[in-house]
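Step one of this worksheet: look at the structure below.
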Amino acid sequence: MCGIIGILGKQDAVPHLVDGLRRLEYRGYDSAGIAVLNDHAIERRRAKGKLDNLAAEVDQHPISGQVGIGHTRWATHGVPSENNAHPHMTDKVAIVHNGIIENYLDLREELSEKTNGSVEFTSDTDTEVVAHMVGYYLDQGMSPKDAVTEVLPRLEGAFGFVMIFHGHEDLMVGARQGSPLAIGYGEGEMFFGSDALALAPLTRRICYLKEGDWAVITPEGADIMDMQGNPVEREIVQTAVSGATIGKGNYRHFMLKEIYEQPTVIGDTLTTVLNPASQTITMPPLPVNAKNITKVTATACGTAYYACMVAKYWVEQLARIPMETDIGSELRYRGTPLPEDGLALFVSQSGETMDTLESLRYARQEKQNILSVVNVPESTVARESDAVLLTQAGPEIGVASTKAFTTQLTILACMAIGLAKERGTLDAKREAELASALAEVPGRAAEVLNHDEHIAEIAKTISEARDIFYMGRGTAYPIALEGALKLKEISYIHAEGYAAGEMKHGPLALIEDDVPIIMIAPSDDLFDKTASNVQEMVARGGRVIFISDKKGIAKMRRMAEPAACIEMPDVDPFVAPILYSIPIQLLAYHVAVLKGTDVDQPRNLAKSVTVE
Ligand code: F6R
């Protein structure tokens, strides 16, 4: 969602604000803005659309100041427009905000009554009322800290915000409830940021605020308080996030670069748990003895949820533990009972997804043992878990998840092996086979990337389609769901993923001449059944793009001729979902390029979803 940066600096903050926003743009990109303090006033520049528009606006109408705040927006209340872009301000205070103030209409009414309607709102946002409320108390002569103390308890919903105050060049206030916010410690300078990525070029010394914390920063340091105003101590950590410029290199898009990074980052992830010499997997200690686990409940959103779905097959088959998967926005409200000695698993690239995080908190209330798989070690999900399995994907900037997904699958496959070993449901011979199959994945992934040009050709044949279907059985079923999601989010073509065996229960009615069907069919125990489904599609005129290994393709061709085939390496079916993710990512990518969409920043989406 929105990205926030605040700088209480010793030199002009404007270039650093714009640079910080560039690093945060993946979080939201419908508008952006900055505000700085100078001797006379708070000055602000805002622009609708991408950050380049704001940068151009700042070039044309320069401002400067050592103290400033910046924001990239993902609209919740009010259309993307300059008026609705943050910062919102009065003559005394400016605010940038991430999250949703749920009672903003009540607060607006209350403020209008108090001021006899003299407050003029210039945006449709939920945020602006906070600026006016703080402004109201400042007008009564209160200090910035006292004014914020009055307003904070009145705010319902989720927020991470930062405020600057006219006439107070030596302080800045930030608060966190439901949306992440960190303090950065420099030499005589202090910072706020919605994640460490924004602050990395400025400082590595970071303090992550906890839920309900708020802080007043001055050049000397930070006073951190809880919502009742009691001082609290929070640890300052050295973040591992790199301050290096995040660039696309020679790639046209971040997404393509991240697809191509997969052999490396899958290898990096495996290195943390797999010993190729002994062909063994050693997982870090779990929060519960695996032998006692009664059930695994896995929760995530979007692509990360599909990773959980694949893991369900692995955990149930290898470790023989019943596993349930749920999407975050459902589990948190479902009131589902979770059993004693249950393992609750949460999978999230960002570790900040609101629905996943709130489900984690629900599982905590239900006394579950909490394990998370995250890509950002300092994230809230990681910090609130009993144990963490890290993916080594590195920063993922393209909004469509690619390398995060395959590294999630990689670590989840290892987790399933680890659970099975501890429970005695996997012998050493099979462990060695699985470990060696996993060890081969980086090399096999590199081979799959060699099909890029062929996949780009296939993309031409489907880029004009209105609807596209993805199908598979077993672990290929969640990969079909992921393929459909990838295509729709970046190419805007309607796509559906189905379990291949489910087609005849309804969706088959949609298959007619030339409807593209992407069939994911590794040579596994279910291959023959999938091949029969292909025959059913071809018989109805469907244009099947068949993804399988050499043996599978040859067998298929003896039954029916697919419109196109993508030949995958011959691998143990256990690791197939990791590898078969790659051609569907490339296919979505090339279709999107042909459609001319904004591949890295697709419309209406944002990278880290910190609102409901
Ligand atoms: C799709 C995509 C999203 C995310 C989802 C969860 O390509 O990226 O579906 O997977 O928003 O995000 P995280 O993993 O950060 O919790």
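The values are calculated or read from the model by the stated rules, or taken from the named source; none is laboratory data. In this text the structure is predicted, and so the values were computed from the model without any measurement. Cβ: placed from backbone, ideal geometry, glycine included. Neighbour counts: every protein chain shown. Surface accessibility is based on the protein's heavy atoms, side chains included, excluding ligands, DNA and RNA. Shrake-Rupley method; radii C 1.70, N 1.55, O 1.52, S 1.80 Å.
In table form, for the structure just shown:
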read-out	value
Residue-averaged [θ]222 nm for the chain, counting only DSSP H segments that reach four residues, each worth -39500 (n - 2.57)	-11000 deg cm²/dmol
Cα-based helix-to-principal-axis angle, 452-462 vs the chain, degrees rounded to 10	90
Within straight-line cross-link reach of Lys367, lysines at Cα separation under 22 Å, skipping those fewer than 8 residues along the same chain	Lys210, Lys291, Lys295, Lys312
Extension reserve of the Ser436-Lys551 stretch, reckoned as 0.36 nm per residue once the Cα distance is removed	39.3 nm
Prolate/oblate/rounded label for segment 444-568 (Cα gyration tensor, a/c 1.5)	rounded
Chain lengthening between Ser64 and Arg383 when straightened (0.36 nm per residue, less Cα-Cα)	111.1 nm
Among beta bridges that DSSP assigns inside the chain, antiparallel share in %, nearest 5	60
Share of carbon and sulfur in the accessible heavy-atom surface of the chain [1.4 Å probe, %]	47
Length added when fully stretched, Asp170-Thr272, from 0.36 nm per residue minus Cα-Cα	32.3 nm
Gyration tensor (alpha-carbon) shape descriptor, segment 107-180, a/c threshold 1.5	oblate
Column: log10 I(q)/I(0), Debye, Cα scatterers of the chain, q = 0.06, 0.07, 0.12 Å⁻¹	-0.34, -0.46, -1.18
Spacing of the two label points (7 Å from each Cα toward its C-beta) at Asp124 and Leu508, in nm	4.6
Span from the segment 381-420 Cα centroid across to the segment 550-612 one, whole angstrom	20
Using a Förster distance of 41 Å, the FRET efficiency for Asn116-Glu82 (Cβ separation, nearest 0.05)	0.90
Helix 576-595 axis, angle to the chain major axis (alpha carbon atoms, nearest 10°)	60
Tilt relative to the chain, helix 14-24 - C-alpha long axis, 0 to 90 degrees, to 10	30
Shape metrics for segment 247-449, restricted to C-alpha atoms - Rg then Dmax, Å	16.5, 52
Per-pair calculated FRET efficiency, R0 = 30 Å: Thr461 and Arg603 via Cβ, rounded to 0.05	0.75
Shape category assigned to segment 3-238 from the gyration tensor of Cα positions, a/c cut at 1.5	rounded
Spin-label model distance (nm) - Thr282 vs Arg334, 7 Å beyond Cα toward Cβ	3.7
Alpha-carbon centroid distance for the pair segment 283-362 / segment 174-196, whole angstrom	30
Rh by Kirkwood over Cα pairs, then Stokes-Einstein D for segment 115-256 at 0.692 mPa s and 37 °C, µm²/s	196
Semi-axis lengths, Å, segment 525-612, gyration tensor of Cα atoms, sqrt of 5 times eigenvalues	31, 17, 13
Burial ranking of peptide ranges 365-371, 58-64, 574-580, 386-392 (average Cβ count within 10 Å, highest at the top)	574-580, 386-392, 365-371, 58-64
Accessible area per residue in Å² at 1.4 Å probe, computed on the chain	38
Placed amide H near Val388: partners under 5 Å, 5+ positions off or other chain	Ser372
